[in-house]
Amino acid sequence: MKTFEELGVAPEIRRAIEEMGYENPMPVQEEVIPYLLDQIRDVIALAQTGTGKTAAFGLPLLQQVDVKHNVPQALILAPTRELCLQIAGDLADYSKYIDHLKVLPVYGGSSIESQIKALKRGVQIIVATPGRLIDLINRKTVQLENVKYVVLDEADEMLNMGFTESIDEILSKVPQDRSMLLFSATMPKEIAKITKKYMEAPKEITIGRKNEGSNNVKHVYYMVHARDKYLALKRIADYYPNIYGIIFCRTRRETQEIADKLIQDGYNADSLHGDLSQAQRDYVMQKFRVRNLQLLVATDVAARGLDVDSLTHVIHYGLPDDIESYNHRSGRTGRAGKTGVSIAIAHVKEKGKIREIEKIMNKKFEQSTIPSGDDICEKQLFAFADKIEKVKVNEDEIARLLPSVYRRLEWLEKEDIIKRVVSLEFNRLIDYYRDAEEIETPSDRYSREDKGGARNSRDRFESRGAGGSRSAEKGYSRLFINIGRTDNVNPATLMGLINDFVPGKVRIGRIDLMQNFSFFEVPEGDAQKVISSLKGQEENGRRISVEVAQGGAVAERRERRPSYGGNGGGGSRRGGSDRDRGERNSFSDSGKKEHRKGGRKPKYS
Ligand code: AMP
């Protein structure tokens, strides 16, 4: 292994990173740094988050920037505001001893004016989200003609988020002879296209195998009927009393609904998705980071900004459409040398998808059965016993109170006292699970209900959700199109269709993909043109039809609230653990849950 000095890193940078505790280069740094310092033009690095990639591209960039020249020389594009801030912060730390070096993060959701002012004062490195950078380019407030280095960080994420067009536009504004460095955890076709288009004989570096994922993650799936998904989720959460995890949902609406239900059922959960304001998202993320929140229900996109290393579990509330998303989601656990579990709550029709993921990731999934009520109670009981063993006893404070309590309980044997303490904590949980029906694992030959009903129920659910009732952004029309995920549609295909068939340039706003249909938004003035140009065209052999969604009228016709399991019960871990401090749990004596009413959520402990 080489040292940073042997890799050619300058002394003032070494001084800063040594202070940060970087003793030796990480593998990606050992591979990338010499290339960038050697002026090799383009590099593709396949590396997961957490591998040290920021320093891999950051250190050589900082070293090559000419501080006497107060214009942007390096441009780093990142998918989210949080990643943008993180990169800019890391670069500022690395360049602590380089005088006059300025790094500016530019991202949406904060004042563009102050970013413009900072740009006017002069910066050498810009770290940007594509959308905001396009805004600045359009306002002619950012100059990119002196950019020598472009870094696309988490390139696969940027494409997943529909930034392909923005990236194209940005790259057309930087000089052709710039070096380009592309970081991606995975190598989907779209990335290969970008590398072909913009890179010249790139050096390809792979840290770990492509699409492989971490070895510290155990992959598990539970096969359930569609109607049992939510109950299964609760049982899984109950079975892991110390869970600290993200539950991934496919749509914003589903995310909100699942989070609401979990909160109502007494879980320490909250939601994170794009319908929340930036301030709300920041608040939830902060709560989760400091572990005041145990379960975060999130969409893939919203969870991207969150960098947490110690997740115990990632739960897929339904499998994502593509392997990249699965890989990204599950890569959020098992980080920093820890182990983690990636749990898919899958519908029987998704079995093929599991096999496909197994093949591509070269990993075996373990099929588990939903824990029974007995299993859960036992697990919770042991966790409780563990807490009793480990609880910090404040001898001085309680010494005064104990003698009278001892006197009062003197007549009881030790076993009796334990029995009573446990009963106090667990009676309601035990009652609930005694009455709850076990969740059946469907056989491979899926039932009539699952064949038709599940797909329809998802569609009804989705149409009611992210798609149907939403109204369009100001100045945009919301259109319904009769193709969706089952037709292999993703934002890129939808944009491709519009590019191919609709004359002129059409800006595309929000896209919501559903299982069998989708919604997308275009400027009001372009709506009719888009509808008539796409009408009758074909995608994958399916004749396309497009119409104005009119505030959800199209979707609403298909709507019916999905049902999640007939007994509607909710086993809540609140029944048992010390997370209940100060807030009693959610079971009434009849064993049925009562809804928590907006009380303070107990701290994770
Ligand atoms: P990144 O993949 O850039 O987000 O880095 C993951 C984590 O590793 C961050 O906390 C970095 O500060 C840390 N890190 C990066 N390079 C090194 C290094 N050479 N030695 C120790 N820690 C590092």
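Here's the yes/no breakdown for (1) aliphatic (A, V, I, L, M); (2) on the phi > 0 side of the Ramachandran plot; (3) surrounded by fewer than 17 Cβ atoms within 10 Å (Cβ to Cβ):
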{"site": "VAL106", "(1), (2), (3)": "yes, no, no"}
{"site": "GLY109", "(1), (2), (3)": "no, yes, yes"}
{"site": "LEU133", "(1), (2), (3)": "yes, no, no"}
{"site": "VAL142", "(1), (2), (3)": "yes, no, no"}
{"site": "LEU152", "(1), (2), (3)": "yes, no, no"}
{"site": "GLU157", "(1), (2), (3)": "no, no, no"}
{"site": "ARG178", "(1), (2), (3)": "no, no, no"}
_Looking at ARG329, ARG355 in this structure, which one is touching a residue at least 40 places away in the same chain (Cβ under 8 Å) and over 13 Å from VAL220 (Cβ atoms)?_
ARG329
*Under 7 Å between Cβ atoms, at least 6 apart or on separate chains: pull out the pairs that start in segment 21-44 with a residue that is part of a helix (DSSP H, G or I) and end on any residue that is at pLDDT below 90 and away from the ligand (no atom under 15 Å from the Cβ).*
TYR35/LYS203
*Would you tally the residues in segment 484-499 being over 18 Å from VAL522 (Cβ atoms) and outside any helix (DSSP H, G or I)?*
1
*From (1) within 16 Å of the ligand (Cβ to nearest atom); (2) in contact with a strand residue (DSSP E or B) (Cβ under 8 Å, 6 or more places away or on another chain), pick out the condition that doesn't hold for ASP42.*
(1)
*asked:* I'd like to check something: does segment 26-37 contain any residue that is more than 15 Å from the ligand (Cβ to nearest atom) and either out of contact with any Ser or Thr (no Cβ under 8 Å at 6 or more places or on another chain) or of a type in the set (Asp, Glu) (or both)?
replied: yes
*Residues (buried (at least 22 other Cβ atoms within 10 Å of the Cβ) and in a helix (DSSP H, G or I)) located in segment 259-269*: ALA259, LEU262
*Can you tell which of LEU296, LEU272, LEU311, LEU306 is under 30 Å from SER471 (Cβ atoms), open to solvent by less than 10 Å² (accessible area, probe 1.4 Å), within 15 Å of the chain's Cα centre (by Cα) and within 16 Å of the ligand (Cβ to nearest atom)?*
LEU306
*Could you grab me the full set of residues in segment 108-160 that are over 18 Å from LYS173 (Cβ atoms) and either outside the structural domain of ASP90 (by TED's automatic domain parsing) or assigned to a loop (DSSP other than H, G, I, E, B) (or both)?*
GLY108, GLY109, SER110, SER111, GLY122, ASP153, GLU154
*Given the conditions (1) in a loop (DSSP other than H, G, I, E, B); (2) open to solvent by 10 Å² or more (accessible area, probe 1.4 Å), and given that GLN280 satisfies all but one, which numbered condition is not satisfied?*
(1)
*May I ask you to say which residue of TYR244, TYR239 is open to solvent by less than 10 Å² (accessible area, probe 1.4 Å) and within 25 Å of the chain's Cα centre (by Cα)?*
TYR244
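The values are calculated or read from the model by the stated rules, or taken from the named source; none is laboratory data. Predicted, not measured: the structure shown is a model, and the values here were computed from it. Heads up, the Cβs are rebuilt from the backbone with ideal geometry, glycines too, and the neighbour counts pull from every protein chain shown. Areas reflect the complete protein model, heavy atoms only, side chains present, ligands, DNA and RNA absent. Shrake-Rupley method; radii C 1.70, N 1.55, O 1.52, S 1.80 Å.
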